Structures are given as structure tokens and as C-alpha cells.
């Protein structure tokens, strides 16, 4: 019975176009791996196996991607099955479908592609960490204002700020790694949902496809979608954090703030205003991260309140959304990495802002506690009144502080020079040498620790990438040995 023209136009054609772009390569790889396993298990005879190998070898992925959907088959799976049958015979092609279903084939190829997409985002995050660490190491002495509630709060260093971002990205990398581990399980052999009575070897197909091991429960292998949601969640957390940093960088790029300047290769001009240098690379990064976050959120919405079983909600219509979400996520992160690596910081302007607005007086309160043994509450009150009394007047600060303290019943005497030294941004930063603080020697150690963490994470990423490449070689060798 032919499909309805409307169904073809609105569903089947669209799904075929998506699938031939995304899933031809993993589908053919699954065919090869399953054929090897069936032959090794004695389920398919050697002569039939060689005929199937020859048929699979004749499949041209580029030709499949150029194919147009004509409604003669349901989807890419059946289209490729037709190619195999025409290159061998219907009977021979039917042997390949022993002990499997389109269900476990689809779930396997979805995981195969998601593994790649997770690694792409992870690699982009590593590039960003690397760029941030270079900048942090160069700016351990660069003093700047730290804000709370969007108001100037205390001096810190640019390195301190950047290392905070690096730490968040390190946690993002761990989340992506965990998501990869969850995804890197092979559903092939779960068949429709209950497995099979044939003596298959799921470990072998897992190995040939580069998976760490098979999935467990065959029902869950088909029904579960938590591996997608975990991956989407890990990428979403990364994008939310990235967006907050991009907002800061865009603010720093304004003429009014002026901390950050992007080189010409990352800006665009106005078509009417000759003086404009628009930091559009960062704007694109913000737009891409917001777009990807929306797409990843939509993934969860698409499968929410759906039955726990084999349903199309997790398949043809969802997978292209997953693909574009991870593609946009990787683009956003990589773009920020490239922009940060090229950015220039106005060190003098940042230092000047850190000396304004009495933002160092937390240290003065601490000095009164350390040097004059006052309770912090009393020291806080003295300094608070001192700031209100002094206002914008930087003269006679020692006299002003002594008068305020005397009114509160305390004898606090500093020379103007001694007080100025205690109120300097450099001192503020230098004395904050507790772990995680902004003191240059502390941030120097933090940079080295984060470099070591990045090296370990990068090595783990390379191992994962190499394992996927090695599986391609192993699979071809096993196929050639049939």
C-alpha cells in the first residue's frame, strides 16, 4: 500500500533527508559489525557472509547522500537494505537482518553520532580553557574591579577572574566526560526490545563499533533516552556558564568600560557610522549559545511525558534537533575560545578603576582587626563612617579616620602614607593569599594546576577519539577476514 502523499511530503521525505546526512556512515558500520559477529558465531555461512561483504562494499555513502526520496521505501534503513538486496539477492540480504531490529540499529547509530558530538563540544571547551589559561598567566598582576550585584566591590586580578571561569569549565569537562561514558554503550543485540534467541555476541559488536561495552537490559536499551538527556544537560550547563562570561566580555568591550579590545578580525563596522568597531564575534557567540541552549532544552521537552518504549518521539524527528544543538554548542564555545585568544586587555584602565570608589576598604577593616585587635563589627562600623565622612576627599585621611574612631570610643591613628598603603589595590590583592585567592603567587599555582588538569583531560579526549578511529581499522580487518 503506497504512503499518503501528504505523509510522504510532511514526514518521510524530511526524515530521509535528515537521515542520509547524519546516519549513512554509522548505519553501514553497523551492518559490517553485525555481519562479522553473525559469521563468527556461525549464524551466517561464510559464502553468504562474503556475498554480503561484497554488497556492503558497493554502497557509496556519497551516492546515498545525493539520493532523492521517491516514496518507494519507508526510510534510510530500508533504502540501504534495498541497495544490499540489489547487490546480492533478497535472500542473501535477509540473512543480515538475523538477530536484530531496526530498533536496536537506530539506537546504536544515534549513540555513535552523539559520541562524536559530545567529543566536539569537549574539544572546544578544552580550547577555551587553554586560551583562558594563557591569558590568566599573563595577567596575574593585572588588577581589576570585582563586582557584586553589578556594583564595584573589591579589587582582584584578571587572572583571578579568568581562573574562576576555568574552574567552571573543568567541571563542565567532567560532566561531558560522564555523559560520554553513559552514551558509549552499545544497544545492538537488544533487537526489537526483548533481545533474541540466537547465540549472538554483543561484546563483539560493541568492540567493532568502538563502544566500551554493551548496554544492559534490552527493554531499556530501546526505551531509554536518558543518555541523550544527560548529554544535553551537560552541554546546557556549559552554555549557561559561557553565556554569563560572554555578557561580561561584551560589557568590557563597551567604550564606557573599555577593558577589552578585539582585533580587527573579530569586529565588523557600521554601514553608516565610520567610527564603529562592533564586537560581533562575541555577539555571535552569545546568540549561538542561546540558540543551542534552546535546542537542548527542546530535546527534553520532546521526550517529556512520552511512553517508556519504542516511539518515534526519540527517533527521526528528535535526532536532527540533537545534532544541530551540539553543532551550535561546539561553534559557540570554539568562537569564544578564538576570541579570548586574540583579545587585548587595557591593563592601566583596569588598575585605575580598581583604585576608585573606596573599594579597598574591606582591607582597612581587616587591618583594624589584625593590627588594633578590634572586633570586626566595630571595625566595619568605623570604616563605614570613615567612607561616608571622607566622601571623595582623599586629603587628610589619617585625621578623618582618627576622628571617626574617636567618636566611637577607639584610638586609631595612622599617618596618611601608612593609610594610603593599606588602602592600595596592590596590597588588597597581595594579602589575599589563601587558597583560591587573587594573590599572584596563588594564581600562579592555580594556573599550573589547571594546566595539569587540562593536559589530563586532553589526553583522555584523545584516547576516546583514538578508540573510535581504532574501531574503524579493527572492523575493516575483521570484514576482510571473512
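The values are calculated or read from the model by the stated rules, or taken from the named source; none is laboratory data. No experiment lies behind these values; they were computed from the predicted model shown. Ideal geometry is used to build each Cβ from the backbone, glycine not excepted, and the neighbour counts take in all protein chains shown.
Tabulated results
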read-out	value
Hey, residue 154 crowded, with 19+ Cβ neighbours inside 10 Å and outside any helix (DSSP H, G or I) or not	yes
Selection count, segment 30-49, where residues are assigned to a helix (DSSP H, G or I) and either surrounded by 15 or more Cβ atoms within 10 Å (Cβ to Cβ) or within 40 Å of the chain's Cα centre (by Cα) (or both)	13
Entirely in segment 248-364, the helices (runs of 4 or more DSSP H) that have 2 or more residues that are more than 25 Å from the chain's Cα centre (by Cα), more than 30 Å from residue 220 (Cα to Cα) and at pLDDT 95 or above	347-353
Qualifying residue in segment 438-458 (condition: assigned to a helix (DSSP H, G or I), farther than 21 Å from residue 133 by Cβ and outside the structural domain of residue 157 (by TED's automatic domain parsing))	no
Candidates 22, 83, 96 - the one that is closer than 23 Å to residue 319 by Cα and modelled with pLDDT of 95 or more	22
Output for segment 249-266, where each listed residue is surrounded by fewer than 17 Cβ atoms within 10 Å (Cβ to Cβ) and over 14 Å from residue 338 (Cα atoms)	250, 251, 254, 255, 256, 257, 258
Residue match in segment 276-290 (condition: free of Cβ contacts under 8 Å to residues at least 12 places away in the same chain, surrounded by fewer than 13 Cβ atoms within 10 Å (Cβ to Cβ) and assigned by TED's automatic domain parsing to the domain that holds residue 237)	yes
Inter-residue pairs, beta-carbon under 7 Å, first at pLDDT below 95 and in segment 3-16, second part of a helix (DSSP H, G or I), 6+ apart	3/12; 16/76
Scope segment 473-482; condition in a helix (DSSP H, G or I) and either in the same structural domain as residue 41 (by TED's automatic domain parsing) or loosely packed, with under 15 Cβ neighbours inside 10 Å (or both); matching residues	473, 476, 477, 480
Set 87, 122: member being surrounded by fewer than 19 Cβ atoms within 10 Å (Cβ to Cβ) and either touching a residue at least 24 places away in the same chain (Cβ under 8 Å) or outside the structural domain of residue 59 (by TED's automatic domain parsing) (or both)	87
Leading residue by the ranking (nearest to the chain's Cα centre (by Cα)) among those in segment 65-76 that are part of a helix (DSSP H, G or I) and surrounded by fewer than 19 Cβ atoms within 10 Å (Cβ to Cβ)	65
Condition met for residue 347 (closer than 25 Å to residue 157 by Cα, in the same structural domain as residue 255 (by TED's automatic domain parsing) and in contact with a helix residue (DSSP H, G or I) (Cβ under 9 Å, 6 or more places away or on another chain))	yes
Qualifying residue in segment 29-41 (condition: farther than 19 Å from residue 54 by Cβ and in contact (Cβ under 8 Å) with a residue 12 or more places away in the chain)	yes
Total residues in segment 192-231, condition within 21 Å of residue 471 (Cα to Cα), assigned to a helix (DSSP H, G or I) and in contact with a helix residue (DSSP H, G or I) (Cβ under 6 Å, 6 or more places away or on another chain)	3
Tally, over segment 196-213, of residues that are surrounded by fewer than 24 Cβ atoms within 10 Å (Cβ to Cβ) and within 14 Å of residue 105 (Cβ to Cβ)	3
In segment 400-417, the residues that are surrounded by fewer than 14 Cβ atoms within 10 Å (Cβ to Cβ) and in a helix (DSSP H, G or I)	406, 407, 417
